[in-house]
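Let me begin by presenting the structure, written as C-alpha cells, before commenting on it.
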Amino acid sequence: MTELCEVVITAPDPDWLRRFTRELVDRRLCSSVHNFSPVQSIYRWKGEVHERTEGRASLHTRRELVPAIVEHAKGRHPYQVPGISARPIYDGNPEYLDWIAEETAPRHA
C-alpha cells in the first residue's frame, strides 16, 4: 500500500495559506486541505519567544510527495524557515485512504 501522511503547514497570513494550499491541490501534491484560522502560536526564533496569530493547514498526501511540497514552498512562503512537517497515516477508512492515493497519483497522458 502507498505510504500516506498528513502534512502540517503554518503561515502568518491565513489568506495566503489558503491560496498556497489550493495550488497544492491543483498540482495534485495533496488530495485535500483543512485550513484553520486563527491559531495562536508561541515559538522561539533567534533567541526570543514570540506569540502570534497564524493560519494552519492540514494536508493529506503521499509521503513521497512531501519533498515536492517543501520545494514548492521555498521562495513563496513568507517565513524564512517555513513550518512544514509530516505525520504518518497508519490506518483509517480504507475507501478514504484509497481516495487520497488516487487523487495524488501521477497522471499519464
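What follows draws every value from the coordinates through simple rules; no lab data is involved. From a predicted model like this one, the values you see are computed outputs, not experimental measurements. Backbone-built Cβ (ideal geometry, glycine too); neighbour counts: all protein chains shown.
What the table shows:
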| item | result |
| --- | --- |
| Filter pass, GLY47 being within 29 Å of PRO106 (Cβ to Cβ) and either touching a helix residue (DSSP H, G or I) at 6+ places or on another chain (Cβ under 9 Å) or among the small types (Gly, Ala, Ser) (or both) | no |
| Lone unmet requirement of (1) buried (at least 19 other Cβ atoms within 10 Å of the Cβ); (2) within 22 Å of ASP98 (Cα to Cα) for PHE20 | (2) |
| Index of the failed condition, GLY47 passing every other in (1) surrounded by fewer than 20 Cβ atoms within 10 Å (Cβ to Cβ); (2) touching a residue at least 40 places away in the same chain (Cβ under 8 Å) | (2) |
| Only one of THR10, THR2 that is buried (at least 16 other Cβ atoms within 10 Å of the Cβ) and either of a type outside the set (Phe, Trp, Tyr) or part of a loop (DSSP other than H, G, I, E, B) (or both) | THR10 |
| All positions within region 54-109 that are among the hydroxyl-bearing types (Ser, Thr, Tyr), without any contact (Cβ under 8 Å) to a residue 60 or more places away in the chain and surrounded by 13 or more Cβ atoms within 10 Å (Cβ to Cβ) | SER58, THR61, TYR96 |
| In region 50-84, residue farthest from THR10 (Cα to Cα) [restricted to those that are in contact with a Cys (Cβ under 9 Å, 6 or more places away or on another chain) and aliphatic (A, V, I, L, M)] | LEU65 |
| Hits in region 18-77 - residues which are within 22 Å of LEU4 (Cα to Cα) and assigned to a strand (DSSP E or B) | SER32, VAL33, HIS34, ASN35, PHE36, ARG56, ALA57, SER58, LEU59, HIS60, THR61, ARG62 |
